[in-house]
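The structure appears right after this line, and notes come after that.
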Amino acid sequence: METCESKTLRSPDFPIGWYSVARGSEVKTGEVKRVYAFDRELALFRTRSGQVAVTDAFCPHLGAHLGVEGKVVGESIQCPFHGWRFDTSGQCVDIPYCDEIPTRAAVRSWTVNEINGDIMVWYHPNEEPPAWEMPLIEEFQSDDWCEPQTWEFTVPNHVQNIAENACDPVHFQYVHKNQETPENTVTIDDDGRVLRMEADSRYAAHPNILKVIMHNPGLAIVRTVYGPGAEMLVYNTAQPTTLNETHLRWSLSVRNEIVDLVGDDVMRGIKDGINDDMPIWRHKVYREKPLFCKADTTLILFRKWVRQFYVD
Ligand code: FES
Ligand SMILES: [Fe+2]
């Protein structure tokens, strides 16, 4: 008997880019957290001066997990096992019972950016430095927009497969039961990296124009305009925990004009939408070479775009 297909197809690697590992508000000054991302253990801490750092979890000494019972001491994290301390760059700066620090005493430190309410780390399989900066969400700084509501959920699938949905207008009709497929365009900026999707549902029950800007798989800004002053923003970051599981963090804001009117409804609508997608995500396999038809233009473009986030 042939091996079941789901067992022979494999997911792509983790794509290059910026990913969230926590909300900024979850890590108070002096706090240490254990994080699981990119199929590895990490330690996350906030120093006394307020700086956030993410390091590989396991102490180079005897391998204790720095994120479990580790302690912040000033600008460093202290290993719970024998008290070695590492600064935010991962360098060992103190061994309490020895004057000499071995030169190789360090843990890998990840590039971190706390921005738009999330703690983001840069992922590159070869540990290369960030190739682009994080976008700043201006609505979150603006008095015209409400304090963002946050929502998180875990999807049992690879981050690329989740991102692909944004370029999949046809699934809105079948999975989300939309009346029709909205008119849509997918374009890629001159730099080749930023992908934009625009969908025009002007004849829908709640006519709207939706604009998605995707900076890397899992990092997307979705703006929906229902009419003058009736605007909504969903900011979307992702924590790929394994190749087949992704934790998503959403921050949702609307313009003050409509916050009382639709704030909660909009949130409910979005949650329902995700529940529609779940059964597909839970059970689908990753097709490295999908059998596309001629009309699958936006999906074909997505697959071309996404290649840049892998090294081979
Ligand atoms: S294992 Fe970390 S100090 Fe010994
Ligand atoms: Fe969907």
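Nothing in this text is a laboratory measurement; each read-out follows from the coordinates by a stated rule. Quantities reported herein were computed from a predicted structural model and do not represent experimental measurements. As a convention, Cβ positions derive from the backbone with ideal geometry for all residues, glycine included, and neighbour counts pool all protein chains shown.
Show that you can apply the helix-only estimate: for the chain, add -39,500 (n - 2.57) for every DSSP H stretch of four or more residues, divide by all residues, and state [θ] at 222 nm to the nearest 500.
Helices in the chain give a 222 nm mean residue ellipticity of -5000 deg cm²/dmol.
Can you pull out the trypsin sites (Lys or Arg not before Pro) in the stretch 198-254 whose DSSP state is coil and whose Cβ has at most 10 other Cβ atoms within 10 Å?
Arg202
Step through the residues of the stretch 228-238 one at a time and calculate ³J(HN,Hα) from phi using the Karplus curve (6.51 cos²θ - 1.76 cosθ + 1.60, θ = phi - 60°), rounding each to whole Hz and writing x for Gly and Pro.
With the stated coefficients, the stretch 228-238 comes to x, x, 9, 10, 9, 10, 10, 9, 10, 10, 9 Hz.
Please list, in order along the stretch 63-75, the HN-Hα scalar couplings obtained from phi with the Karplus expression 6.51 cos²θ - 1.76 cosθ + 1.60 (θ = phi - 60°), rounded to whole Hz, x for Gly and Pro.
For the stretch 63-75, the Karplus curve yields x, 5, 7, 5, x, 10, 6, x, 10, 7, 10, x, 9 Hz.
Report the relative contact order of the stretch 17-123, percent, no decimals, based on alpha-carbon pairs under 8 angstrom and at least 6 residues apart.
Normalised by residue count, the contact order of the stretch 17-123 is 28 percent.
Would you please name the trypsin sites (Lys or Arg not before Pro) within the stretch 53-121 that are DSSP coil residues with at most 15 other C-beta atoms within 10 Å of their C-beta?
Arg104, Arg108
Quick one: net charge of Ile213's neighbours, Cβ under 15 Å, K/R +1, D/E -1?
Net charge around Ile213: -4.
Quick one: what do you get for the stretch 245-312 if you divide its Cα Rg by 2.2 N^0.38 Å?
Computed over Cα atoms of the stretch 245-312, the ratio equals 1.58.
Which residue, Ser89, Ser253, Ser49, has the most motion in a Gaussian network model of the chain that connects Cα atoms within less than 10 Å?
Maximum among the listed residues: Ser49.
For the chain, what are the per-bin percents of Cα-Cα distances with bins 10 Å wide, up to the bin holding the maximum?
P(r) over the chain, rounded to whole percents: 5, 24, 30, 22, 12, 5, 1, 0.
Return one number: the angle in degrees, 0 to 90 and rounded to the nearest 10, between the long axis of the Cα atoms of helix 297-306 and the longest principal axis of the Cα atoms of the chain.
10
Compute the Rg to Rh ratio over the stretch 134-202 from the alpha carbon atoms, using the Kirkwood formula for Rh, and round to two decimal places.
1.02
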